[in-house]
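Reviewing the structure listed below.
The values are calculated or read from the model by the stated rules, or taken from the named source; none is laboratory data. All values reported here derive from a predicted model rather than from experimental measurement. A quick note on method: Cβ atoms are made from the backbone with ideal geometry, for glycine too, and the neighbour counts reach across all protein chains shown.
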Amino acid sequence: MAEKKLVEAITSMEEDFAQWYTDVVKKAELIDYTSVKGCMVIRPAGYAIWELIQKQLDDMFKETGVQNAYLPMFIPESLLQKEKDHVEGFAPEVAWVTHGGQQELQERLCVRPTSETLFCDYYKNVVQSYRDLPQVLNQWCSVVRWEKETRPFLRSREFLWQEGHTAHATAEDAEARTLQMLNVYAEFLEKVLAIPVIKGQKTEKERFAGAVATYTVEALMHDGKALQSGTSHNFGDGFAKAFGIQFADRDNKLKYVHQTSWGVSTRMIGGLIMVHSDNSGLVLPPKVAPVQVMIIPIQQRKEGVLEKAAELEEMLKDFRVKVDDSDKSPGWKFSEQEMRGIPLRIEVGPKDIEAGKCVICRRDTREKTEVPFAELVGKVKELLERMQTEMLERARAHRDSHTYVAKDYEEFKRIFGEKTGFVKAMWCGCQDCEDKIKEELSVTSRCMPFEQEQLSDVCVCCGKPAKKMVYWGRAY
RNA sequence: CGGCGCGUGGCUCAGCUUGGUAGAGCGCUGCGUUCGGGACGCAGAGGUCGCAGGUUCAAAUCCUGUCGCGCCGACCA
């Protein structure tokens, strides 16, 4: 049976994907616009998702020895300019503070677009000996990048994120940490957000400003576009040299530290929406659903109905559960539950109470199950777990069925002309080919995956000997 | 920064061409009837029409300027 469209207020994704996205975000009450372009109110429903992300990710960080800290929001211009590539990368989009009250500042301050320079300035002071290493710090904060085009969660001028910054005694330690954090991101995205990712390295063209290597986790959205969902950078000793971060090693020689940084942002919430949601609204994986179960009483004014609903709520208190006892009609409540992406809905009315059971309806499949009250807790647990796994499986199946292989440029062009998704193709390693592909097809290299395949011996673009297999795609 | 579109109750918009008492639907408040996929009746509240000039007896409407927002490009998480 075709999917029944129940909510007229949401534009269908087939009709207009961008509008669908905006509708879902608004209807689920995740954000509200404000009078400043690109600056969003993250409403309670949206912020609760972020809190669940933060909590689970923060736990994973700490298991690897990360400590949290907080550094200032302002960076003096002179500090920002110490690392040349870095400042060139970010200068076009920084916001500046020029006045304190009425008085013009002697040195203007940039609102952090990222905090490498501040961490460097700090590490320069606290790192003296190899005994002070490694430094493994993270901060949860907001950063500002003055984007021209903005979209809720995907690209806002101020956004929430975490940025980890580490300093190590050796290049090997720094590289190991860079990859370790990338793996944490990949695991988090798959296990918690149910978003499958491709792990790999960015090409030189797509690398972070000032990094020697940038690793990424790339996800495929429902419309076939790619979303860079998390990055981890190895800076080598470039920043250390620019900022003078040196330590005395065991051999009593003065050496520069090797650094990394890694971050994910509220952008992941945008990914969550574009991977799982449907034409009825938001669909959330249970692990990041602020409300996992909504109990909807039917004919709630009849004696015993609300009492039963409260009883079920108490039985389910180990889950994030709520009762919708507002005086809206049941149909309204069903639609609300769906727009807000609440994984499970329990319907309970006089008929059920008499029969000693209730109805559970899954958000993702809309599958309804009748469950005796005595089996409710076990069934809810089972359904939430199943939903979490099946959402990942479905997303993976979608990604795999939208991943293509191209062996020559004609095929490459034809695929991007006809389809949307990832295309795996060989690459010679030169930026000219990347530029040409971007120019002609608006397609960029997403990453050189860790899992390499030898699809052919020559570059898909120029025909010269190939160095790497690359995932290509159109990106958000 | 270029292209397109839009600023009128909380929301979506009509009214503007041709100047003349600010409208509708939804939402909101109260009361009553309803309740297994966005129920209904009755009674209410709510707007200096983005902002600033100008034209006019009279401006949401015409003119000039300005600010802001959304979408699409280029650039970027």
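All of (1) more than 22 Å from residue A:179 (Cβ to Cβ); (2) assigned to a strand (DSSP E or B) hold for residue A:251 with one exception: (2).
Against the condition surrounded by fewer than 24 Cβ atoms within 10 Å (Cβ to Cβ), within 16 Å of RNA strand B (Cβ to nearest atom) and either closer than 21 Å to residue A:400 by Cβ or within 20 Å of the chain's Cα centre (by Cα) (or both), how does residue A:222 come out, does it pass? Yes; evaluated as a whole, the condition is true for this residue. Flag: residue A:213 does not match the condition of being over 17 Å from the mean Cα position of the chain (by Cα), in contact (Cβ under 8 Å) with a residue 40 or more places away in the chain and more than 10 Å from RNA strand B (Cβ to nearest atom). Of the residues making up region A:160-183, those that are touching a helix residue (DSSP H, G or I) at 6+ places or on another chain (Cβ under 9 Å) and part of a helix (DSSP H, G or I) number 1.
When residue A:251 is tested against (1) near RNA strand B (Cβ under 8 Å from one of its atoms); (2) free of Cβ contacts under 8 Å to residues at least 24 places away in the same chain, just one condition goes unmet, and that condition is (1).
One line per residue, one yes/no per condition, for (1) away from RNA strand B (no atom under 16 Å from the Cβ); (2) farther than 13 Å from residue A:68 by Cβ; (3) at pLDDT 95 or above; (4) surrounded by fewer than 16 Cβ atoms within 10 Å (Cβ to Cβ):
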| position | (1), (2), (3), (4) |
| --- | --- |
| A:134 | yes, yes, yes, no |
| A:142 | no, yes, no, yes |
| A:151 | no, yes, no, no |
| A:167 | yes, yes, yes, no |
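Residues that are within 16 Å of RNA strand B (Cβ to nearest atom), aromatic (Phe, Trp, Tyr) and modelled with pLDDT of 95 or more within region A:447-476 comprise A:471, A:472, listed in sequence order.
Quick check on my filter: what residues within region A:99-112 are at pLDDT 85 or above and more than 16 Å from RNA strand B (Cβ to nearest atom)? Selection gives A:105, A:106, A:107, A:108, A:109.
Of all residue pairs spaced 6 or more apart or on separate chains, those with beta-carbon atoms under 7 Å, a first member in region A:383-411 that is at pLDDT 95 or above and a second member that is part of a helix (DSSP H, G or I) and of a type in the set (D, E, K, R) are A:388/A:287; A:392/A:190. Residues considered: A:356, A:349. Of these, the only one that is over 26 Å from residue A:24 (Cβ atoms), at pLDDT 95 or above, touching a helix residue (DSSP H, G or I) at 6+ places or on another chain (Cβ under 8 Å) and exposed (fewer than 15 other Cβ atoms within 10 Å of the Cβ) is A:356.
Exactly one residue out of A:193, A:160 is under 22 Å from residue A:58 (Cβ atoms) and away from RNA strand B (no atom under 11 Å from the Cβ), and it is A:193. When A:287, A:302 are screened for being among the basic types (Lys, Arg) and more than 13 Å from RNA strand B (Cβ to nearest atom), only A:287 passes.
If you go through region A:260-277 and keep only what is touching a strand residue (DSSP E or B) at 6+ places or on another chain (Cβ under 9 Å) and among the small types (Gly, Ala, Ser), you end up with A:261, A:263, A:265, A:270, A:271.
Just so you know, in region A:18-36 the residues that are in contact with a Ser or Thr (Cβ under 7 Å, 6 or more places away or on another chain) and of a type outside the set (Phe, Trp, Tyr) include one that is nearest to RNA strand B (Cβ to nearest atom), and it is A:19.
Across region A:310-340, the number of residues qualifying as outside any strand (DSSP E or B), hydrophobic (A, V, I, L, M, F, W, C) and more than 8 Å from RNA strand B (Cβ to nearest atom) comes to 5. In region A:85-95 there is at least one residue that is touching a residue at least 12 places away in the same chain (Cβ under 8 Å), in contact with a Pro (Cβ under 6 Å, 6 or more places away or on another chain), within 16 Å of RNA strand B (Cβ to nearest atom) and over 29 Å from residue A:43 (Cβ atoms).
Among the residues of region A:133-167, which ones are of a type in the set (Phe, Trp, Tyr) and more than 21 Å from residue A:219 (Cβ to Cβ)?
Listed by number, the residues that qualify are A:140, A:146.
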